[in-house]
1. Between LYS72 and GLU407, what length in nm is gained on full extension when 0.36 nm per residue of separation is reduced by their alpha carbon distance?
2. Return, for the Cα atoms of the range 19-83, the radius of gyration and Dmax in Å, separated by a comma.
3. Given R₀ = 25 Å, what would the calculated FRET efficiency be for ARG36 paired with LYS80, taking r from the Cβ atoms and rounding to 0.05?
4. Which entries in LYS221/LYS353; LYS45/LYS73; LYS221/LYS386 show an alpha-carbon gap greater than 22 Å?
5. How much solvent-accessible surface does ASP425 expose, in Å² to the nearest 10, with a 1.4 Å probe and all protein chains in place?
6. Just grab the label-to-label distance for LEU7 and ASP218, each label 7 Å out from Cα along the Cβ direction, in nm (one decimal).
7. Give me the percent of accessible area attributable to carbon and sulfur for the range 208-450, probe 1.4 angstrom.
8. State the extension gain, in nm to one decimal, for the chain segment bounded by GLU61 and VAL257, taking 0.36 nm per residue of separation less the distance between their alpha-carbons.
Amino acid sequence: MKTANGLGCAICDSPQAGTLHFGARSCKACAAFFRRTVSMSMTYKCIASMPGGGPCRIHHELRMICRFCRYKKCVDGGMKRQLVQNRRQEFRIPKKRRADMDLSAHLTRPVSPGHRLIKDEPPSTPESQQSTSPTKQHDDVQDELAARLYGTASCSFNSPESISIIADNSETNSTSLGSPLSSTSNESAHFQLSSMIPRPQVRYPYDEASFVMQRYIDAEKSLNIRRRIFYTPTDIGNMFEMDNECPYNVEHLRPCVIREFNGLSRTDLMMLFDYCRDFPGFDALPISDKQLVYRYATATDSVVGSAYYTMRVGMTAGCLVHVSGSFLPIDELPVPGKLLEYPPNMSLEDQAKYRLFMPMRAHLYSELCQPMANLQPSFAEYASLKAMVMWHLCHYRLTPEGRAICEAQQKSLLEATQRYCQALDPKRGEERFGQLILLMSSIFVIMKDLYCG
């Protein structure tokens, strides 16, 4: 539909197209879609290429639009890729993070000459600093990596069992140091320190792989709690008495109405945002990497989470369960490879959504839900598998800094999951671990269809 003066959107015919965007007159929604596609180098596949597909209609009144044809229409309408600017990197740090960094800088600054460290070795001198061994330099690199992954509070003083700080020229028993949140030049604040500071445990991704795996298990439980609170009528007082390994029971499930399905809601996105923030090392990622990890985490959750919930409560009820608690009866799913049949009295818009939605769900059930039900992974295996899939998908799209964190997570998760499978079944633990890894290939195929479609 064009406006009275004929200045509608050249892509979706929206009347709200007041200006030119990237060389073509378009609405803000189509301009944002084109910018996102170009800046993220996204590729799509036309839904008409799927079984039962038809011609793709691009109109602003449709909620589920073929992204391949929409992008092609953007280009045909005059939009130019070279007019899209690169994404600007932001380096804003939250206040709490800045406070932690200030505290870290204060605790790791050199000790003033008025204080000495009681250790088995003499105080540091210029000569001794020049003769630092390669092993010590390697430990410093490991300390820095552990601090990036697990926070400054978990990494400090890794050589002596305990350290004593004594003021040589102090007239009292108090030690004069600056406030932890002040700059190094501010020495006005005074506080008492005990004579012995216990050595905290240093957590490394390779030595404490089980710790990394437990972080993802806890993050998954927190996500299930949020979903139970929002999507079920469960009494809040009973939340802490449940195992939180699955947010739904059979009585909590509700039918999925395809006409009303619009993807993830803002509540879902908020819950997944908190889920990502619980990942080890997520705070150390650059802004662009955080956005990428968050994007892949939402897609991975919708696929792997749906398969796990179906295994837990859907198989016995004969339905495919979505992460939001809605379900589709298994006998209503289309048979892959056959011509798609629409329910009677369905509008063209609903048919377009049905054509996009149902074949993907049928593929998800046959290629992932059934193999997962045969394997019956535990909750810990599921949480670890989900995290490994997410990190693997975004690995080569991350910056070099983010890729280093990703590789540390992958190695820790693989090591911890292998040990867990071996402890769960000492005789066939290696075989079970291999079956979990092979299950990832089915997930990657479904994820590809999800992104292309």
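1. Details: separation 335, 0.36 × 335 = 120.60 nm, distance 3.62 nm.
Stretched fully, the LYS72-GLU407 segment lengthens by 117.0 nm.
2. 12.1, 38
3. Values: r = 16 Å, r/R0 = 0.62.
So, using R0 = 25 Å, E works out to roughly 0.95.
4. Numbers: LYS221/LYS353 32 Å; LYS45/LYS73 14 Å; LYS221/LYS386 13 Å.
Pairs exceeding 22 Å: LYS221/LYS353.
5. Accessible area, nearest 10 Å²: 60 Å².
6. 5.6
7. Working: 6020 of 11060 Å².
On the range 208-450, the fraction of accessible area on carbon and sulfur atoms equals 54 percent.
8. Roughly 68.7 nm would be gained on extension.
The values are calculated or read from the model by the stated rules, or taken from the named source; none is laboratory data. None of the values given here were measured: they were computed from a predicted structure. As a convention, Cβ positions derive from the backbone with ideal geometry for all residues, glycine included, and neighbour counts pool all protein chains shown. Side chains are part of the model used for accessible areas, which takes the heavy atoms of the whole protein and leaves out ligands, DNA and RNA. Shrake-Rupley method; radii C 1.70, N 1.55, O 1.52, S 1.80 Å.
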